[in-house]
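Below is one structure; the comments refer to it alone.
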Amino acid sequence: MDIRIEKKYFKKNYKIMINIYNTIVLLGDFCKYHQEIEEIVNITPVIEYLKDESDKLCYNFTSIKLKFHNKEE
């Protein structure tokens with residue numbers, strides 16, 4: 001399957017993805033170290049799920065970026 005995307009839109013979406021990934025990692029660490037708060041214990045599984053999904057997205061974007069970069073050479 002071929003999907004065409006302009007370089008500027010790819011870069012914009014890539015930056016957004018990196019921001020989401022970094023935010024989720026930060027939230028995950030916060031939850032990990034503040035388990036004494038009941039509300040944090042309640043949301044920790046959701047944060048872990050989002051981190052796992054964000055990891056997959058980051059991996060996919062990195063793969064696409066590498067392919068995109070290799071085509072330019």
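Just so it is clear, none of the values below were taken in a lab; they were calculated from the coordinates. The structure displayed is predicted, hence computed values, not measured ones. Glycine also receives a Cβ, built like all others from the backbone with ideal geometry; neighbour counts cover every protein chain displayed.
Note on the stretch 1-41: semi-axes of the ellipsoid equivalent to its C-alpha gyration tensor, largest first and rounded to whole Å, are 35, 10, 6. Loop-located trypsin sites (Lys or Arg not before Pro) in the stretch 1-64 (DSSP state other than H, G, I, E, B) with a sparse environment of at most 10 neighbouring Cβ atoms within 10 Å: Arg4.
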